[in-house]
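Contents: one structure, followed by commentary.
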Amino acid sequence: MKSNYSLDDLRCFCTVARLGSFTAAAEQLGIPLSTLSRRIRQLESDLQLRLLNRDAHRVVLTSTGTQYYQRCSALFEELLDIDEDLHREKYRPSGKIRVSAPINSGSYFLRDIFYEFLRRYPEIQLDLCFSNSLIDIEGEGMDVVFRVGSPIVENWIARTLKQMRFILCAPKAYDISTITTPEKLCGHPIILCRPMIPWHLQHQTTGQEFDYHPQKLVRLEVDEVGLLVHAVKSGLGIGYLLITRPCQ
């Protein structure tokens with residue numbers, strides 16, 4: 001027996017055996033009747049077995065053909081189930097997606113997007129990890145990672161999703177009249193919120209841009225925007241805050 005017989009010929013045989021008709025099988029398979037007959041003959045030749053008895057009116061399985069069909073049909077049914085499952089998974093996403101995002105962005109801006117995503121894809125599970133640390137993405141097994149700024153991660157595809165604008169905030173009673181350039185921030189107490197460093201500043205009049213790296217008189221470092229707001233309101237220093245959440 002040849003070990004390299006055609007699985008496509010075997011599929012043709014199973015279709016003929018199931019329908020009990022060459023004509024019906026050829027129509028279902030979408031091939032000419034002559035082609036189907038040739039393939040069945042080729043399969044019997046390769047196997048060195050007689051699978052079908054044919055006459056002008058009907059097709060009857062031989063004893064060997066019956067055994068062969070019973071065992072092979074289960075194989076093709078399983079293949080069909082696999083194909084359907086794969087297509088179902090393609091068009092109906094399911095499974096777990098591990099997501100990492102900064103604490104502030106995840107809590108205030110992304111959460112509604114995550115909730116809407118879960119409503120749209122009920123078979124998806126999100127595993128959210130909010131952290132401002134630059135974690136080992138591959139080591140932690142993350143699928144999607146959100147970052148503020150322009151972090152370079154080797155072998156990962158990065159896309160800009162949103163331009164985020166920040167402002168400098170100070171306590172209401174704090175005199176900021178002399179702070180007109182980044183250099184004049186020196187000497188003032190600073191509140192840092194990771195990972196928003198450096199501070200990307202733009203002069204309101206000239207449009208000139210600066211990157212300011214606060215180093216001196218850093219009174220407090222936090223990784224949560226609520227703590228930053230509270231510290232600024234409490235008079236501890238100047239903070240760098242998203243313009244969509246101004247100090248009050």
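Worth a mention:
- Flag: Q208 matches the condition of being open to solvent by 50 Å² or more (accessible area, probe 1.4 Å) and over 25 Å from F109 (Cα atoms).
- Condition met for D143 (among the charged types (D, E, K, R), out of contact with any Phe, Trp or Tyr (no Cβ under 7 Å at 6 or more places or on another chain) and open to solvent by less than 90 Å² (accessible area, probe 1.4 Å)): yes
- Tabulated pairs, segment 65-83, first polar (S, T, N, Q), second open to solvent by 50 Å² or more (accessible area, probe 1.4 Å), C-beta under 8 angstrom, 6+ apart or interchain: S73/R18
- Elements of type strands (runs of 3 or more DSSP E) contained in segment 144-245, each with 1 or more residues being under 27 Å from L128 (Cβ atoms), touching a residue at least 24 places away in the same chain (Cβ under 8 Å) and touching a Cys at 6+ places or on another chain (Cβ under 6 Å): 218-222, 238-242
- Sole exception among (1) of a type outside the set (S, T, Y); (2) modelled with pLDDT under 85; (3) open to solvent by less than 100 Å² (accessible area, probe 1.4 Å); (4) under 30 Å from W199 (Cβ atoms) for D81, by number: (4)
The values are calculated or read from the model by the stated rules, or taken from the named source; none is laboratory data. The model shown is predicted, which means the values in this text are computed figures rather than measured ones. Don't worry about glycine lacking a Cβ; one is built from the backbone with ideal geometry, like all the others, and counts go over all protein chains shown. Keep in mind that these areas ignore ligands, DNA and RNA; they rest on the heavy atoms of the full protein, side chains included. Shrake-Rupley method; radii C 1.70, N 1.55, O 1.52, S 1.80 Å.
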